[in-house]
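What follows is one structure encoded as structure tokens, with my remarks underneath.
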Amino acid sequence: MAPPTGKRVKGVQIFRPFVYGTTARPFDEKTNPKPPGIPDDHTHSWTVFIKGIDDVDITYWLRRVQFKLHESIPNHVRMVEGIKGQPFQIHETGWGEFEITMKLYYVPESSEKPQTLYHHLRLHPFGRTEEEKEAMRLNGGEVISWVYEEQIFNEPYEPFYDILISGALPPSASTLKDGGGSGGGGGGSGAATPTSANTPGASSNKGGNKKGHERSHSRASVSTNKDGKNNEPKEEPFVIQRSEGGVLERSAMIPLVNRPGQPFSRETEQLEIQKLKEAKLKVDEMRKQMMDELEKKQKRLEALKAESAKAA
């Protein structure tokens with residue numbers, strides 16, 4: 001951890017969503033053949049990772065991750081340095097499940113202490129119901145055990161705060177910051193929702209972001225008059241849009257809808273909220289039934305006491 005520089009930005013809390021977990025697949029001659037040199041008793045290939053939501057880059061706030069695997073695995077403590085645009089991950093093979101320790105080291109500008117996460121490696125289908133387990137079996141045996149998490153930076157130091165709110169950009173917008181065109185990969189041409197250039201995910205009880213940290217882009221357009229002559233070029237604001245995946249780089253956005261390989265979105269959130277509402281209705285109904293039965297038993301008890309008093 002680097003020594004603190006600058007002052008903390010009081011009253012500000014910034015969060016960034018990310019995903020961590022494991023993906024495992026059984027060895028199969030057709031779909032997942034076992035590579036040469038793998039021990040005979042190894043039954044699965046698996047990956048443990050930490051990555052940005054919708055695969056966006058998170059190396060601007062996360063510098064490296066230490067993965068601690070089972071002691072029976074060679075080199076079981078491994079440090080993975082951040083590479084822009086790539087997840088922090090380890091690929092391995094094995095036959096048993098165990099708990100993985102992940103230690104997060106933040107960029108020096110943050111002056112934050114490392115934090116630790118724990119995750120249980122899943123090799124076999126699991127779920128709350130047999131239907132959920134069967135769905136995993138039908139998915140080619142691939143076992144996905146992922147967790148959505150939000151990293152919260154409470155009152156970050158000024159240099160780190162400047163990095164966090166440096167501008168929410170689509171993956172292809174880096175050329176715009178350098179004065180280039182609007183081409184580049186990653187943004188796509190899917191349905192996009194216009195958004196502000198301000199960085200989502202920053203909250204403050206003192207009026208929000210500091211003045212002067214908002215970034216905007218513009219592009220020149222040339223209009224013609226009635227004589228066909230070009231007028232002076234005018235600057236039109238460039239509207240930053242969501243990427244095809246539904247999020248912007250360096251933001252707290254999550255996708256609006258689910259897509260293959262991206263199970264976390266506002267759609268998922270609404271489904272979970274609906275499940276909670278349905279569960280609450282069921283609990284309320286069960287509670288009402290219990291109270292009705294309790295009331296009947298109470299009346300019956302009072303009646304028996306009255307009969308006993310008369311008999312005495």
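Read-outs: derived from the displayed coordinates by stated rules, not from any lab. Predicted model only: the values in this text are computed from it and were never measured. A quick note on method: Cβ atoms are made from the backbone with ideal geometry, for glycine too, and the neighbour counts reach across all protein chains shown.
Debye-formula intensities of segment 96-138, expressed as log10 I(q)/I(0) at q = 0.17, 0.21, 0.27, 0.33 Å⁻¹, are -0.64, -0.74, -0.92, -1.03 (one equal scatterer per alpha-carbon, no solvent). Mind running the shape call on segment 30-140? Use the C-alpha gyration tensor, a ≥ b ≥ c as the square roots of the eigenvalues: rounded below 1.5 for a/c, prolate if a/b tops b/c, oblate otherwise. Verdict is prolate for segment 30-140. Take the Cβ atoms of R300 and K84, set R0 to 51 Å, and the FRET efficiency comes out at 0.10.
Here the spin labels are modelled as points 7 Å beyond Cα on the Cα-Cβ line, and at E29 and E267 they lie 3.8 nm apart.
Checked against a 25 Å cut-off, the cross-linked pairs K51/K113; K288/K310; K30/K68; K68/K133; K51/K280; K30/K133 give Cα-Cα distances beyond that limit for K288/K310; K30/K68; K68/K133; K51/K280. Highest mean packing comes first when the peptides 140-147, 80-87, 128-135 are listed by Cβ atoms within 10 Å, giving 140-147, 80-87, 128-135. Using the Cβ-Cβ distance between K288 and K10 with R0 set to 51 Å, the FRET efficiency from 1/(1 + (r/R0)^6) comes to roughly 0.60.
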